[in-house]
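Report on the structure given below.
Just so you know, all these numbers are worked out from the coordinates, no wet-lab data involved. Source: prediction; values computed, not measured. Glycine also receives a Cβ, built like all others from the backbone with ideal geometry; neighbour counts cover every protein chain displayed.
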Amino acid sequence: MSQPPTPPIPTHPDVVVEAGQRVWSGRFPLDVITFRHRRFDGALSATRRWELWRRGPAAALLPYDPLADAVVLIEQFRLPALAAGVDPVLVELPAGLCEDNEDPAATIRREMREETGLDADRMERIGGFLLTAGGADEFCHLYAGRVVAPPADGEGIAGFGGEASENEDIRVRVWDAADAIESAFAGYFTNSITALGLFWLASKRDRLRQQWMAA
C-alpha cells in the first residue's frame, strides 16, 4: 500500500530548508533534510543534515472509570523496547496515528474500540507531546476519557483486543487507579505517554471523580 504524501515542513522565519530527500518509503517514510537555523547568537547555523522519521499526528487516551476508581491499560509487544534493552511487553494507553486529516479525538475513539472494545462517553484533553524530538515528527494529542471498566479476573485481565488485519496482539488489564499512579511514580512504566497520563491523573483525580460522577 502506498503512503499518503507527508506535509511539507512549515515555513519559519528562523529556518531555511535547503533540500529534502525521501530515502525510505516503508511503513513510515524517512526523509533526509538539509537546513540552516537561527542560532542563539543571531547568526544562521552552518548547513545541517538531519534524518526525519515522518510519523505525523497521533492520539492517546487514559481510560478512567470514576465510579470504580480504576484505569484500563493495555499491554503489547514492542520490538523497539527490546532493542532498547527493556521489557518488550509495554504497559500502554490506547493510542494510534491519525489518518488523513483526521481529528485526534476521532482517532482515539476509533483506536479505543479496536484495542479495548470500550467507548469514552466524556473526554478531556490533557495536552500535546512531541515523543522523539531528536528524530521524528510524531506529535501525540493526549486525552483522559470516562469509561466503564470491564469485568476482570484476579490478575486484572479483562480481555484481548487489537486489529487482526494489523496482527495486533493486545491484552486489556484493569488497574486500581491508586496502584497505577504509584507504579508510574515508581518508574514502572517505560512508555512515556502512559506515565504522563497517570502523572496528570494524580493531580486531577479528585476533580474528575467529582465532575464525572455527577454528570
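Calculated on the Cα set of the chain, radius of gyration then Dmax: 19.5, 62 Å. Here the sum of -39500 (n - 2.57) over DSSP H runs of 4 or more residues, divided by the residues of the chain, equals -7500 deg cm²/dmol at 222 nm, to the nearest 500.
Relative to the longest principal axis of the Cα atoms of the chain, the long axis of helix 192-214 lies at roughly 50 degrees.
With charges only on Cβ, +1 for K and R and -1 for D and E, what is the dipole size of the chain about its Cα centre, in debye, rounded to 20?
Details: 22 positive and 32 negative charges, 175 e Å.
Here the size comes out at about 840 debye.
Compute the Kirkwood hydrodynamic radius of segment 54-114, taking the inverse of the mean of 1/r over all pairs of distinct Cα atoms, and give it in Å to one decimal. Intermediate results must be reported in sequence, preceding the final value.
On the way: mean 1/r = 0.0765 Å⁻¹.
The Cα-based Kirkwood calculation yields 13.1 Å.
The angle separating the long axis of helix 104-116 from the principal Cα axis of greatest extent in the chain is about 50 degrees.
Distance between the 7 Å Cα→Cβ label points at Val16 and Asp41: 1.7 nm.
Quick one: if you stick a label point 7 Å off each Cα along the C-beta vector at Asp121 and Gln210, how many nm between them? Distance between label points: 2.2 nm. Taking amide H positions as modeled 1.01 Å from N, with prolines and chain starts lacking one, the residues under 5 Å from Arg78 and 5 or more places away or on another chain are Val89, Leu90.
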